[in-house]
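Working notes, beginning with the structure itself.
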Amino acid sequence: MSMTSYLEAGRRAVMEEMQRDERVWALGEDLGRGGVFGQYKGLQEMFGDERIADTPISEACIMGAAVGAAMTGTRPVVEMRFSDFALCAVDELVNQAAKARFMFGGQMRVPMVVREPIGMWRSSAAQHSQSLEAWYAHIPGLVVVAPATPADNLGLLKTAIRNEDPVVYMEHKNLWALEGEVPEGEHLVPLGKAEVAREGVDLTIVTWSAMRHPCLKAAEDLSAEGIGVEVIDLRTLWPWDREAVLASVGKTGRLLVVQEAVSVAGFGAEIAASVAEALHYRLRAPVRRLGAPRIPVAYAPPLEDQARVTDKAITDAVRGMVVPQTVA
Amino acid sequence: MTQHTAEHAGASGNLETGRFLPILSLMWRIRAFEELAIEAQREGLVLGAIHPSIGQEAVAAGICPNLSKTDLLLSTHRGHGHTLAKGADPLAMMRELFGREGGTCGGKGGSMHIADFGVGMLGANGVVGANIPIATGAAHALKLRRAGEVVVCIFGDGAINRGPFLEGLNWARVFDLPVLFVCEDNGFSATTRTRSMTGGAGATARAESLGLPAAEVDGNDVLAVDAAARTAIAALRAGEGPRLMHCHTYRITGHTAVDPASYRPEAEVDQWRRRCPIARLEAGLRLAGVSDEELSRTRQEAWDEMRAISAEASATSWPDARGAFADVQDMGNPAERAF
């Protein structure tokens, strides 16, 4: 184990997979200079400008070219800079990458990874802050991954690059500098498996991506009050680890879903509905969701904060679900 | 840089009959396949929309015989001709149109999503212009893999007004990729005249502005298309980078087989019927000494083949319904909790 940043873990994942498999290459804007956040630093020097390819600001063609290149024997890693910019390439991802295998009757695969950083990050406003993971979880054919820790960013990205179908890989911009223990040597994390980040008996929080951290903080604070919160980090949104979530809520009887994305029609709704369908008679409290209000993310901190789920909001929500309500 | 070809090259004689008789056969096979598909749609055998390329056969038949099986082709929603010309099995194609077992895509795609990776046909596409970035990426992969093959990407005139046209052509030039872009210009963006929707001089001017050599070609003259394609493909194989051909042709049918195309005068359609690319090639072959008997045999064989195929396709069973859950993705079983 060594301390590594979330950003460096992603860089190491790409480097190791490119060393392992010469079919892997990366394409996107500014990669030769390390990428917009430095997550490709030094890779062009190591692998050359063909395998770490700088491209025009042509999102549709970056994504579409990756589809064509994935169909014909290479394994592209697409860098979209921001998930917001990937919206310029939705046809290429949703109509082409996600559907080609099925639509063409299984004649080939589209093994590509699309890195689309999500989330709020220092006054970046409405076009650089979105969490759009639910859109892609809705699309048959796509795998959707949202890592929350450096170790997971290494292990999940490596596994994603080895996957035979298109993966939307959503790192969180506010986690780039986060340091954490990362195993030495080969580290692979399976797709579709959640992590029980903290055990508890009174309530289950299901979360993913950056919200894992305020959820763990809230769980820690609540343990001082004698409330045991189990925190499940989904890590992969599609397919999501239904078994782990149902086992946990089966035990605690209470579910709170916490997401940074707009709550309305967010992926949390899928978790909440699935748990309600499967465990209704075992629930000790109504299922709850916490997420952003349905507003674009603003620039000024007091405005931006209105879209942010805080650890205080989480502790308040948990208390409201666990502590018996007195009748007025 | 723009080359203009003679209007009636097909009737100029001196053509290699050994090369163009098979091309005539291919054009008749495309024509018969599509006429029979339209007939089958009227009978309820073809379920979804089909977009015939009747009158445009010279583009497919002029380009694809210049490709090897391992060269790659990307096509459009109006792609039956391209797909047949690239060597796909017409029975599997007709079964696909009928939604039957043994279709090129197992009945999952239909007319607009025919692909046959076994012959380098990477797919028709239901989204105008969407094949351009994919073709560009396929060419990019060929370059990365140091493979010697080339890519041909055929799209309609409507596609030049989509962003991916600009992005793909620019990309192909920047990375010097072995891809030939072919604008098969039938005059109409669905039901609107493309000229009325297009600023500037059009496809070749746009390609040239991005540094791609471009040629204007009479798309109803298969000799002209063949000559231009041969030149362009040789340049691709020599590593000279991407090119564009603008083939001028005309759509004899409506946008789909059921579109009466009442938005254009009948006289205009008649004028183009008289420029039928098949009749023009026949005239050329006749001048070159091919007998009427051989020409009519070529036509008859194509029709007989396609009639038999249509009958066989209609006698094929539906695909197993469980196929709806196959080949979605490896992760997560889509059949779980389906209903």
query: Does B:Gly168 count as at pLDDT 95 or above, under 21 Å from the mean Cα position of the chain (by Cα) and within 14 Å of another protein chain (Cβ to nearest Cβ)?
result: yes
Considering residues that are facing chain B (nearest Cβ under 9 Å) and without any contact (Cβ under 8 Å) to a residue 24 or more places away in the chain, the number found within the stretch A:73-90 is 0
Please verify whether the stretch A:60-75 includes one or more residues that are touching a helix residue (DSSP H, G or I) at 6+ places or on another chain (Cβ under 9 Å) and closer than 20 Å to A:Ser5 by Cβ.
no
Of those in the stretch A:1-60 that are within 14 Å of A:Val78 (Cβ to Cβ) and hydroxyl-bearing (Ser, Thr, Tyr), the residue nearest to the other protein chains (Cβ to nearest Cβ) is A:Ser58
Reported set for the stretch B:171-205 where residues are hydrophobic (A, V, I, L, M, F, W, C), more than 19 Å from the chain's Cα centre (by Cα) and within 14 Å of chain A (Cβ to nearest Cβ) is B:Trp171, B:Ala172, B:Val174, B:Phe175, B:Leu177
Taking the stretch B:131-147 and keeping residues within 7 Å of chain A (Cβ to nearest Cβ), surrounded by fewer than 24 Cβ atoms within 10 Å (Cβ to Cβ) and either in contact with an Asp or Glu (Cβ under 6 Å, 6 or more places away or on another chain) or aliphatic (A, V, I, L, M) (or both) leaves B:Leu144
Checked the stretch B:263-296 for anything within 21 Å of B:Ile50 (Cβ to Cβ) and either at pLDDT below 95 or among the charged types (D, E, K, R) (or both); matches are B:Arg264, B:Arg273
Within the stretch B:231-267, the count of residues that are assigned to a helix (DSSP H, G or I), of a type in the set (A, V, I, L, M, F, W, C) and free of Cβ contacts under 8 Å to residues at least 60 places away in the same chain comes to 4
Taking the stretch B:174-203 and keeping residues surrounded by fewer than 16 Cβ atoms within 10 Å (Cβ to Cβ) and either on the phi < 0 side of the Ramachandran plot or not small (Gly, Ala, Ser) (or both) leaves B:Asp176, B:Thr191, B:Thr192, B:Arg193, B:Arg195, B:Ser196, B:Met197, B:Gly199, B:Ala201
Within the stretch B:104-114, the residues that are touching a residue at least 12 places away in the same chain (Cβ under 8 Å) and facing chain A (nearest Cβ under 8 Å) are B:Thr104, B:Gly106, B:Gly107, B:Lys108, B:Gly109, B:His113
Just one listed residue, out of A:Ser248, A:Ser274, is over 18 Å from A:Ala137 (Cβ atoms), of a type in the set (S, T, N, Q) and within 22 Å of the chain's Cα centre (by Cα), and it is A:Ser248
Conditions (1) within 7 Å of chain B (Cβ to nearest Cβ); (2) touching a residue at least 12 places away in the same chain (Cβ under 8 Å); (3) closer than 30 Å to B:Glu101 by Cα -> A:Gly68 fails only (2)
Considering residues that are on the phi > 0 side of the Ramachandran plot and more than 13 Å from every other protein chain (Cβ to nearest Cβ), the number found within the stretch A:104-143 is 4
Flagged pairs (Cβ under 7 angstrom, 6 or more apart or on separate chains; first in the stretch B:133-157, without any contact (Cβ under 8 Å) to a residue 12 or more places away in the chain and more than 15 Å from B:Ser75 (Cβ to Cβ); second surrounded by 24 or more Cβ atoms within 10 Å (Cβ to Cβ) and of a type in the set (A, V, I, L, M)) are B:Gly137/A:Ala65; B:Gly137/A:Ala66; B:Gly137/A:Val67; B:Gly137/A:Ala69; B:Ala141/A:Ala69
Screening B:Gly202, B:Gly118, B:Gly211, B:Gly137 for residues that are closer than 23 Å to B:Ala58 by Cβ and among the small types (Gly, Ala, Ser) leaves only B:Gly202
Only one of B:Val119, B:Val150 is buried (at least 24 other Cβ atoms within 10 Å of the Cβ) and more than 10 Å from every other protein chain (Cβ to nearest Cβ), namely B:Val150
Residue hits (the stretch B:203-230; closer than 28 Å to B:Arg146 by Cβ, out of contact with any Leu (no Cβ under 7 Å at 6 or more places or on another chain) and in a loop (DSSP other than H, G, I, E, B)) are B:Gly211, B:Pro213
Residue match in the stretch A:169-178 (condition: among the aliphatic types (A, V, I, L, M), crowded, with 21+ Cβ neighbours inside 10 Å, closer than 30 Å to B:Asn333 by Cβ and out of contact with any Pro (no Cβ under 8 Å at 6 or more places or on another chain)): no
Of the conditions (1) within 14 Å of chain A (Cβ to nearest Cβ); (2) surrounded by fewer than 24 Cβ atoms within 10 Å (Cβ to Cβ), the single one that B:Glu208 does not satisfy is (1)
Within the stretch A:242-265, of all residues that are small (Gly, Ala, Ser) and farther than 22 Å from A:Ser129 by Cα, the one nearest to the other protein chains (Cβ to nearest Cβ) is A:Ala244
Report task. Please indicate, with yes or no, whether at least one residue in the stretch A:93-103 is over 19 Å from A:Pro140 (Cβ atoms) and within 10 Å of chain B (Cβ to nearest Cβ). Result -> no
The correct count of residues that are within 12 Å of the chain's Cα centre (by Cα) and not in a strand (DSSP E or B) in the stretch B:66-86 is 12
Considering residues that are closer than 19 Å to A:Gly105 by Cβ and in contact (Cβ under 8 Å) with a residue 12 or more places away in the chain, the number found within the stretch B:328-339 is 1
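The values are calculated or read from the model by the stated rules, or taken from the named source; none is laboratory data. Bear in mind that the values here come from a model prediction, so they are computed numbers and not experimental data. All Cβ positions, glycine included, derive from the backbone under ideal geometry; neighbour counts span all protein chains shown.
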